[in-house]
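To start, the structure itself, in structure tokens.
The values are calculated or read from the model by the stated rules, or taken from the named source; none is laboratory data. As the structure is a prediction and not an experimental result, all values here were calculated from the model. All Cβ positions, glycine included, derive from the backbone under ideal geometry; neighbour counts span all protein chains shown.
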Amino acid sequence: MGSSREEAQKPCSGVQTLLKRVKALVIKAPPPPPPASRNPGCTHVYGYVFGHVPENNLEHLPSQQVLDTGEQLMVPVEVLEVGNEGALWKFLLSGAMAGAVSRTGTAPLDRAKVYMQVYSSKTNFMNLLGGLRSMVQEGGVHSLWRGNGINVLKIAPEYAIKFSVFEQCKHYLCGVHGSPPFRERLLAGSLAAAASQTLINPMEVLKTRLTLRRTGQYKGLLDCARQILEQEGTRALYRGYLPNMLGIVPYACTDLAVYEMLQCLWLKSGRDMEDPRGLVSLSSVTLSTTCGQMASYPLTLVRTRMQAQDTVEGSNPTMRGVFRGILAQQGWLGLYRGMTPTLLKVLPAGGISYVVYEGMKKTLGV
């Protein structure tokens, strides 16, 4: 009788032991790793501002496109993907072509912006239409494109320097196969912008002088450079360097933070991921670039005044002196002279850049 009870209990005890082992394995099993994210920076920003985005949806985020407004060139996120590293020159060529077409298409607004930044004041108030009218009266319709040649010419070195420095910073901060999150991408982007602006600052000075030149003042780019070197010295080619460097940080911080916040808001809205992603990405990057320009605009205006002030007043400007002069003569609103054409050219510049960039990528097979 006792032996039969033991035989009946053996299967039961064996099943219980098996269940205990299975339960222990389930409890001790580590959680599955989250799927790879193409845009980890989005989780970082959104986590601090609004909350958490489901990780399995992050891979559907549209990547940042090239938007060239003539102020700062952005490094598109898709270039950072490991599979695209061998096609860097194709992205460089696509971005350069997009920048050249967009800058040429919006050159009249760009010249009006510089014209208003330098010549508009309380006693000589100038709106957008008044500025365009003055330029046409002085040099004809074709004068609206003065300075566009050097503005297009500096795209290639600016892109090459910014892409290469950004790539080196990405490798140093995140490893060769790393995808940089928000803080690392912000730091890498700022360093890349600082390096490129340091090397092309002389071209910025030439662009400002050629944009503001009167009819017959310079025979061309080389004549402009020669006159600056002979009359003002080599240091004149680095006028406006300090406010230019200081403006990189607020521009990069605002632009990248607003862009990723908008992308995450779009994702959290739960809309169909097959929504026109190009339109969503273009809208996000246009708004983020606008916010970035507004954040750094006073420094941009001071930079332009410093680069052009010898042409206007024949003095040796400093950042503090120019800043105080603007506040004394025009007040705080004077720091935003020329903002209207700046904002008006963002949307057409973004649309042109996006269309040309995507078309070039298809042509080159990337």
Item to check | Selection from region 187-203 of residues that are surrounded by 19 or more Cβ atoms within 10 Å (Cβ to Cβ) and either on the phi > 0 side of the Ramachandran plot or in contact with a Cys (Cβ under 8 Å, 6 or more places away or on another chain) (or both) | outcome: 188, 191, 192
Next on the checklist: What's the total number of residues in region 328-366 that are more than 19 Å from residue 297 (Cα to Cα) and in a loop (DSSP other than H, G, I, E, B)?
Outcome noted: 2
Next on the checklist: Filter region 204-229 down to the residues that are loosely packed, with under 13 Cβ neighbours inside 10 Å, outside any helix (DSSP H, G or I) and without any contact (Cβ under 8 Å) to a residue 60 or more places away in the chain and list them by number.
Outcome noted: 216, 219, 220
Next on the checklist: Given the criteria within 25 Å of residue 261 (Cα to Cα) and either at pLDDT 90 or above or in a helix (DSSP H, G or I) (or both), does residue 178 qualify?
Outcome noted: no
Checklist entry - Which numbered condition trips up residue 353, out of (1) surrounded by fewer than 18 Cβ atoms within 10 Å (Cβ to Cβ); (2) of a type in the set (Ser, Thr, Tyr); (3) at pLDDT 85 or above? => result (1)
